[in-house]
Amino acid sequence: LQTQSVNTVPHTVTKYHGPSGRLSHETQLYINGEWINSQTQDWIDLHNPATQELVTRVPQATSAELAEAARSSELAFKTWKKTSILSRQRILLDLQARIRQEMDPIARSIVEEQGKTFTDAKGDVLRGLQVVEAACGIPDLLLGNTLPVSKDMDTYTIREPLGVTAGIAPFNFPAMIPLWMFPLALACGNTHILKPSERDPGAAVMLAKLAEEVGVPKGVLNIVHGGKPTVDFLCDEPSIKSISFVGSDTVGKYIHDRGSQNGKRVQANLGAKNHGVFLPDANKQHSLDQVTGAAFGAAGQRCMALSTMILVGESKEWLPDLVERAKKLKVTGGMEKGADLGPVISPEAKARVEELIQSGVDEGATLLLDGRNPKVDGKYQKGNFIGPTILTGVKPSMRCYREEIFGPVLVCLEVETLDEALAIINKNRYGNGTAIFTRSGAAARKFQEEVDVGQVGINVPIPVPLPMFSFTGSRGSIQGDINFYGRSGVSFFTQYKTITALWRHEDVSDAEFMHMPTMK
Ligand code: NAD
């Protein structure tokens, strides 16, 4: 294995001076094993959300470039599907080793393009890496079933790859979510065309370089860039058999419908509004620490952020302590020492979050902690920063409750009973994650049984399952019915073929050959 750092691999060919006067580069496409400068006239500038410095510009790939990606993926599938399972496993083992070695450079790229803190960015890579590690068990995961069904007759199933698969990723986990997609697709014998978010494609580019380095053959993994035109291509291109999407509601529904109408298998994870229920018997320090991290960490830009707090009975008296904790969080650039949360992704996202905070105030909520216009170090004055914000007295009818805010804003509702809390959660349109904090096993069991949400934490604020399980958001947080990673992920990336075989020792005549075979 070569162990050249991805940082030193020359993937940044065309240099130019951005508005900040700093040398920058164009993000390249990776098509048929080549790193390509797009011929497009249509570029998307990518700014560091903490400083507004231009980091790179991302191409809206041309139709010809996209067609070439699909052509090469289709061609590569012919040989990749026949590559032995142990060879594919070997490549994945090497890939996971290289990702582990390159975690810091990948995390630095995430901080620069996405804004989250360095520690959080390493968590982003690590949670994706765990999926690659699990995919290394692919020989076991692909085992089929077999049964001798009659005299001299066996039926057995084989899990076969689909062909060319595609992935469309969001901005908030630029390493983890691409790693939910292409490694398992490849392990199952598919080829893959990945479109990272145009807002932070750097981590995916670095991961593709590692894949190239460890021997993923040309065309087996392609990286294309862009916005809607690229997405429409992936939804319409006949050679693409499946689409994996993670992102917002409107886009997810659109992709699910358009892809499905074109006969593709689509898995789509959408938005969320995750509620944490705090019973008064809970361990107070633990609960408050956990909600502080889960509501404000990553500036609230996690689909599993615990963005809604339901305080049951006397636990509402904990609010002043919560405010004290939130006030202490350090809002600054993600590489700064002690940074707790960085900026949100764009000035537009910042304006939207601020507007939702104001809507809460206008609709009668109390702004217990206002994070608008936080104090940040001089060099970050232009960044998209919002500090931790807490709204209390929130009602389910308010916009700040109904909409996914996707910023460091915690909305708090107060109720008297667990039943009331359950009713609120089950009425919410989303079903991604939820958590209960309590010392009562009976209350936790009741919550687990009665809550209609796909991922439940008991004294655990962000219950994202490890990859021996699957990511199982439900209701409005998902379209399609096959989950990401784990056994469900293998089901998504494969289709069964079932063979019934008869091998007779002697040549005998079958008296009932004209009837429906009953295989008795
Ligand atoms: P987004 O929907 O804006 O973008 C996701 C992808 O869709 C990107 O690759 C983007 O290029 C593409 N896209 C954007 N606009 C499009 C359009 N009009 N037509 C076609 N394609 C388009 O999402 P985002 O803002 O990048 O990500 C944040 C959202 O993702 C949040 O809602 C969050 O909850 C959700 N999310 C969900 C999960 C989950 O597992 N449920 C995980 C992470 C993020």
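The values are calculated or read from the model by the stated rules, or taken from the named source; none is laboratory data. Keep in mind that what you see is a predicted model, and the values were worked out from it rather than measured. In this analysis, Cβ positions are derived from the backbone assuming ideal geometry, glycine residues included, and neighbour counts consider all displayed protein chains. To get the accessible areas, we keep the full protein, side chains included, count just its heavy atoms, and leave off ligands, DNA and RNA. Shrake-Rupley method; radii C 1.70, N 1.55, O 1.52, S 1.80 Å.
Collect residues whose amide H, placed 1.01 Å from N in the peptide plane, falls under 5 Å from the amide H of residue 309; neighbours closer than 5 in sequence don't count.
The answer is 276, 411, 412, 413.
Mean separation of Cα pairs under 8 Å and 6+ residues apart, divided by the residue count of the chain: what relative contact order is that in percent?
In percent, rounded to a whole number, it is 17.
To the nearest 20 debye, what charge dipole does the range 330-488 have about its Cα centre, counting +1 at the Cβ of each Lys and Arg and -1 at the Cβ of each Asp and Glu?
Magnitude of the dipole: close to 440 debye.
Relative to a virtual label point 7 Å from the Cα of residue 504 in the Cα→beta-carbon direction, which members of the range 142-170 show backbone nitrogen distances below 18 Å?
149-155
Can you compute the FRET efficiency between residue 281 and residue 416 using 1/(1 + (r/R0)^6), with r the Cβ-Cβ distance and R0 = 22 Å? Round to the nearest 0.05.
The formula returns an efficiency of 0.95 here.
At 1.4 Å probe size, with no ligands or nucleic acids counted, give the accessible surface of residue 286 in Å², nearest ten.
Here the residue's solvent-accessible area equals roughly 60 Å².
Under 18 Å between alpha carbons, and skipping anything fewer than 8 positions from residue 520 in its own chain: which lysines qualify?
151
By its C-alpha gyration tensor, with a ≥ b ≥ c as the square roots of the eigenvalues, how is the range 381-497 shaped: rounded for a/c under 1.5, else prolate for a/b larger than b/c, else oblate?
oblate
Find the centroid of the Cα atoms in the range 480-520 and in the range 373-411, then give the distance between the two in whole Å.
55
Positive end of the dipole of the range 403-520, charges at C-beta (+1 Lys, Arg; -1 Asp, Glu), about the Cα centre: which of 467, 440, 511 has its Cα farthest in that direction?
Among 467, 440, 511, the one farthest towards the positive end of the dipole of the range 403-520 is 467.
With labels modelled as points extended 7 Å from the Cα through the Cβ direction, what inter-label distance (nm, one decimal) is found for residue 516 paired with residue 262?
Each label point is offset 7 Å from its Cα along the Cβ direction, giving 3.9 nm.
Among 195/427; 328/350; 78/228, which pairs are too far apart, with a Cα-Cα distance over 27 Å?
Over 27 Å apart, Cα to Cα: 195/427; 78/228.
Long-range amide H contacts for residue 167: which residues qualify at under 5 Å (H placed 1.01 Å from N, peptide plane, sequence gap of 5 or more or a different chain)?
HN-HN under 5 Å from residue 167: 193, 194, 195, 244.
Please calculate how many Å² of accessible area the range 164-217 carries per residue, with a 1.4 Å probe and no DNA, RNA or ligand atoms counted.
I get 11 Å² per residue for the range 164-217.
Ordering 478, 243 from largest to smallest accessible area (1.4 angstrom probe), what's the sequence?
Largest to smallest exposure gives the sequence 478, 243.
What does the charge dipole of the chain about its Cα centre add up to, to the nearest 20 debye, if the Cβ of each Lys and Arg holds +1 and the Cβ of each Asp and Glu holds -1?
It comes to approximately 540 debye.
Choose one of 394, 424, 409: the residue whose Cα lies farthest towards the positive end of the charge dipole of the range 337-458 (beta-carbon charges +1 Lys, Arg; -1 Asp, Glu; about the Cα centre).
Value computed over the given set: 409.
When a/c is below 1.5 the answer is rounded, else prolate if a/b is larger than b/c, else oblate, so apply that to the chain with a ≥ b ≥ c taken from the square roots of the Cα gyration tensor eigenvalues.
Because a/c hits 1.5 or more and a/b fails to exceed b/c, the chain counts as oblate.
Considering only protein heavy atoms, with the full assembly of protein chains and a 1.4 angstrom probe, order 62, 27 by accessible area, largest first.
62, 27
Below 15 angstrom from the Cβ of residue 414, what's the summed charge of the other residues (Lys, Arg +1; Asp, Glu -1)?
-3
Using the C-alpha atoms of the range 464-520, what convex hull volume per residue, in cubic angstrom, is computed?
So the per-residue Cα hull volume is 170 Å³.
Which one, 295, 279, 335, is farthest towards the positive end of the dipole of the range 279-349 when Lys and Arg carry +1 and Asp and Glu -1 on their Cβ?
About the Cα centre, the residue reaching furthest to the positive side is 335.
Report the antiparallel proportion of the DSSP beta bridges in the chain as a percent, rounded to a multiple of 5.
Given both bridge residues lie in the chain, the antiparallel proportion sits at roughly 45 percent.
Roughly how many debye, to the nearest 20, is the charge dipole of the range 118-197 about its Cα centre, given +1 on each Lys and Arg Cβ, -1 on each Asp and Glu Cβ, and no other charges?
Roughly 200 debye for the range 118-197.
How high is the relative contact order of the range 430-520, in percent, counting Cα pairs under 8 Å that sit 6 or more residues apart?
Relative contact order, the range 430-520: 24 percent.
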